[in-house]
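Student: To start, I am sharing the structure in question, which I have written as C-alpha cells.
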Amino acid sequence: MNELLQVKKITTNDYVNEINKNIDNSNYLSALTLSLMIPDICSKNINGNKNIGYVKWFNKYVYRTYYDVPNSRQIKKTPQKLKKIYKVKFNGTTCYALRNAILHSGTSFVDYKKENDRVKANVDHIELCVNSKSEREFQYGESVSIITDNYDESKVTIRINVVNFCIIMIKGYYDFLNDIEKDNIQLFSMIDWDNK
C-alpha cells in the first residue's frame, strides 16, 4: 500500500491540446466551449493574477490581430440601409455574449448584459457551422462572417466556422504567452485514481 496516487498538473497547454483533439475527433461543441474559455483563463493570469477581463483580452489577442475591420471610407460609400450592418463587429463584447449563451443557456442566441452593448453590437444571433467531412486545413468559410436576411438592420446574424474560430483563438493564446514570456501556465492538479 505504498503506491502513490498519480497527480497530473493541469496547464493552459492542456486546454489547447484538448481543443485540438476535439477538432480532430469532430467534437465541435467541446472544441468551441473550451475555446470560449481561453480568454477567461488567460485574462486572469496576467502580471501576478491581475485580471484584465475577458473583453479586453479578446480584443487585444484575437480581434485586433485576426479580424479585419471595415475602414470608414468603405462604410461611407455603402448604401444607408447597410451602414449599420458593416459596423457590426465580432469583438470581445460579442464573443463574451456568445460565451455566456453557450456555457449558461446552451444556445447561440446572444443576450448582452448591458442594453448599450446590445445596441452597439447590433447582433441578434450567432450561427455556428462546420465542414464535418473536411480536414482542419480545408475548412471553408471565414472564422467570422456577417449575414442577414433582406438587410434587416435590427436582426443581424454572425456566422462562425467553429474550427477556424478555435484555430484563431489558439493563435491568440500563443500571442498572449509570447507577450507574458511564458510557455505555459499551471492551473490546478488532477488525481488519477487508476494510475498508481
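Student: Could you please let me know if Gly92 is modelled with pLDDT of 75 or more, more than 17 Å from Val162 (Cβ to Cβ) and either surrounded by 12 or more Cβ atoms within 10 Å (Cβ to Cβ) or not β-branched (Val, Ile, Thr) (or both)?
Tutor: Here the answer is yes, as Gly92 does meet what is asked.
Student: State whether the residues of segment 104-119 include one that is assigned to a helix (DSSP H, G or I), open to solvent by 40 Å² or more (accessible area, probe 1.4 Å), modelled with pLDDT under 75 and of a type in the set (S, T, N, Q).
Tutor: yes
Student: Shifting gears a bit: So which of Thr78, Thr11 is modelled with pLDDT of 90 or more, over 16 Å from the mean Cα position of the chain (by Cα) and farther than 16 Å from Val162 by Cβ?
Tutor: Every option except Thr11 fails the conditions.
Student: Kindly indicate which of Phe188, Phe176 is modelled with pLDDT of 75 or more and either open to solvent by 80 Å² or more (accessible area, probe 1.4 Å) or hydroxyl-bearing (Ser, Thr, Tyr) (or both).
Tutor: When all the criteria are applied, what remains is Phe188.
Student: Do we have Ser30 as at positive phi, surrounded by fewer than 17 Cβ atoms within 10 Å (Cβ to Cβ) and either of a type outside the set (Asp, Glu) or at pLDDT below 80 (or both) here?
Tutor: no
The values are calculated or read from the model by the stated rules, or taken from the named source; none is laboratory data. These figures come from a predicted structure and were not determined experimentally. Ideal geometry is used to build each Cβ from the backbone, glycine not excepted, and the neighbour counts take in all protein chains shown. Accessible surface areas use protein heavy atoms only, side chains included; no ligands, DNA or RNA. Shrake-Rupley method; radii C 1.70, N 1.55, O 1.52, S 1.80 Å.
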